[in-house]
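The values are calculated or read from the model by the stated rules, or taken from the named source; none is laboratory data. What you see is a predicted model; the values in this text were computed from it and never measured. All Cβ positions, glycine included, derive from the backbone under ideal geometry; neighbour counts span all protein chains shown. Note: accessible area is taken over every heavy atom of the protein model, side chains too, but ligands, DNA and RNA are not part of it. Shrake-Rupley method; radii C 1.70, N 1.55, O 1.52, S 1.80 Å.
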Amino acid sequence: MKEGLFARIRSLSFIPCHRMPSRSLVVRGKRLPLCARCSAILTGYSALTLLLLLPLTIPWFAGVLLQVPMLIDGCTQYWKWRESNNVLRVVTGLLSGMGQSVFVAGVSRILLEWLLLRLS
């Protein structure tokens, strides 16, 4: 049981991703378990910690706008208008992950302010 859990955590098999080897990054000779875009999105989520701890206030809709590059890249590739590459997938994935962090932090602040007003 323990080995199965550790294997799932190490392989990140609980995270939905197509895991195509041609779209996965190789670091120090080892292929990452997730594709370039999913790896970058998860990396972009690390911005959430900073956004919640630092007194930065970025409007939530900026987070929505940061989704646009990935949507364009993903959709134009899906529709076979062009072929993307891992560098572009990483850049748009990072923007998306950071954008989701901005959105979550912004909405969290709005909800917290609303709640504090209701309680006072």
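A compact table of results
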| read-out | value |
| --- | --- |
| Probe 1.4 Å - accessible area at residue 49, Å² to nearest ten | 80 Å² |
| Most mobile of 90, 68, 102 in a GNM of the chain (Cα contacts under 10 Å) | 68 |
| Per residue accessible area of the chain, 1.4 Å probe, in Å² | 72 Å² |
| Of all accessible heavy-atom area on the chain, the percent that carbon and sulfur account for (1.4 Å) | 72 percent |
| Cut-off 15 Å between beta-carbons: net charge of the residues surrounding residue 86, Lys and Arg +1, Asp and Glu -1 | +4 |
| Residue among 27, 91, 64 with the largest mean-square fluctuation in a Gaussian network model of the chain, springs linking Cα atoms under 10 Å | 27 |
| Angle in degrees between helix 2-11 and the longest Cα principal axis of the chain, rounded to the nearest 10 | 90 degrees |
| Residues residue 119 and residue 71, FRET efficiency given R0 of 30 Å [Cβ-Cβ distance, rounded to 0.05] | 0.20 |
| Helix-only [θ]222 nm of the chain, DSSP H runs n ≥ 4, -39500 (n - 2.57) each, per residue, nearest 500 | -20500 deg cm²/dmol |
